[in-house]
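Before any comments, here is the structure.
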Amino acid sequence: MLRYILKRLAASVPMMLVASFAVFCLVALSGDPLARLREQPGVSAEAIAARSEALNLDQPLIVRYLGWITNVLQGNLGLSLDGEPVADKLTRAFSVTLRLVIAAAVVAILLAVVVGVLSAVRRYTVWDYSATFAAFVFFSMPVFFLAGVLKDLAIRLNEATGHVIFTTVGERGSGAVTGLLDTISDRAGHMVLPTLTLVLVTFAAWSRYQRASMLEILGADFMRTARAKGVPERSVLLRHGLRNALIPLTTIVAVDFATLVNGSIVIETVYAWNGLGRLFITSLQQGDVQLSTAWLLIAAGAVVVFNLVADIVYALLDPRIRHA
């Protein structure tokens, strides 16, 4: 197993380098990074020249990339337009986004497995048709529309009851919160709507994958053999069926986890969360090249890392993979 992991790690290194070069070129060739700075009144030519020198804009593209990636490997992501280290901004925003993504992923996985397995076992029943219809509705619904609808319903409910049942803005309260329990309660209350939005759009697709995988396993020879030996149906489904049916879903979840991080832009914008998504939008609006490049690098890195995680988990669930 260790050899397999080392091989996958070695294969991920060139992928990460290629991704970093693609990200750097994408930002570098997207336009003049100093255009917004030049448009601001009162900005001196010396300030523009200093910013140009800091970004090495007078150097060839490959030289700029080598200098940038060297700094990145040393943990230096550069400075934002306001002078704050990019790494500090990303770290602060990442903790907010990660809290949302992990909560949504855990709930979505549990729902997808339960709904998918039940739909497969009770295929072509009212339950199966209802689950399929609901999954397609949420899967086809744009994230911004679903987030907006849930937020509007929450606001109307709050107004109708005269109490704040659902918090619709921000990742935490604006007032001072003291004590661990109060802090947890405050954070949890602000997480309900964003988490629910992300869960609905995510679990819909995952439950379909789980249903298809479980249906395929139910017709496998080893399942019929287990039943012929007198193994209880519950054990057949859970011990023999579910474990094998989870393998395809594991890959999908690991890959989609990176997509969840990157796809938080819309949800964080609707609910005014100061996470990675909103930080990226702000960096684009302000023309913050260093911040935009670092954000895209993290997004690309997340895809590579979670693909690696998917391969490792896949190998743990199916020994044939690591011995291939």
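The values are calculated or read from the model by the stated rules, or taken from the named source; none is laboratory data. Just so it is clear, the model here is predicted, and its values are computed rather than measured. Here the Cβ positions follow ideal geometry from the backbone for every residue, glycine too, while neighbour counts run over all protein chains shown.
Among the residues of the range 288-296, is there at least one that is more than 30 Å from ARG122 (Cβ to Cβ) and hydroxyl-bearing (Ser, Thr, Tyr)?
Within the range 288-296, one or more residues are more than 30 Å from ARG122 (Cβ to Cβ) and hydroxyl-bearing (Ser, Thr, Tyr).
Taking into account only those residues within the range 16-58 that are farther than 18 Å from TRP68 by Cβ and among the aliphatic types (A, V, I, L, M), which is surrounded by the most Cβ atoms within 10 Å (Cβ to Cβ)?
Taking the candidates together, the pick is LEU37.
Would you point out which residue out of SER30, SER52 is among the hydroxyl-bearing types (Ser, Thr, Tyr) and in a helix (DSSP H, G or I)?
SER52
In this structure, does LEU17 turn out to be within 30 Å of ILE312 (Cα to Cα), out of contact with any Ser or Thr (no Cβ under 6 Å at 6 or more places or on another chain), modelled with pLDDT of 75 or more and not in a loop (DSSP other than H, G, I, E, B)?
Spelling it out, LEU17 is indeed within 30 Å of ILE312 (Cα to Cα), out of contact with any Ser or Thr (no Cβ under 6 Å at 6 or more places or on another chain), modelled with pLDDT of 75 or more and not in a loop (DSSP other than H, G, I, E, B).
Provide a single number: the residues in the range 105-131 that are more than 23 Å from ARG243 (Cβ to Cβ) and touching a residue at least 60 places away in the same chain (Cβ under 8 Å).
So the answer is 0.
Kindly indicate the residue of the range 265-324 that is hydroxyl-bearing (Ser, Thr, Tyr) and part of a helix (DSSP H, G or I) and also modelled with the lowest pLDDT among those meeting that condition.
Within the range 265-324, the match that is modelled with the lowest pLDDT is TYR314.
I'd like to know if the range 283-302 contains one or more residues that are crowded, with 20+ Cβ neighbours inside 10 Å, aromatic (Phe, Trp, Tyr), within 26 Å of ASP152 (Cα to Cα) and touching a residue at least 24 places away in the same chain (Cβ under 8 Å).
no
Considering only residues that are charged (D, E, K, R) and surrounded by 11 or more Cβ atoms within 10 Å (Cβ to Cβ), which ones fall in the range 1-15?
Within the range 1-15, LYS7, ARG8 qualify.
Across the range 260-270, what is the total count of residues that are surrounded by fewer than 24 Cβ atoms within 10 Å (Cβ to Cβ) and not aliphatic (A, V, I, L, M)?
Adding up the residues that qualify gives 3.
THR183 fails exactly one of the following numbered conditions: (1) surrounded by 15 or more Cβ atoms within 10 Å (Cβ to Cβ); (2) assigned to a helix (DSSP H, G or I); (3) of a type in the set (S, T, N, Q). What is the number of that condition?
Exception for THR183: condition (1).
Identify, please: which residue in the range 62-91 is among the charged types (D, E, K, R) and modelled with pLDDT of 90 or more and is, among those, surrounded by the fewest Cβ atoms within 10 Å (Cβ to Cβ)?
Among those that are among the charged types (D, E, K, R) and modelled with pLDDT of 90 or more, it is ASP88.
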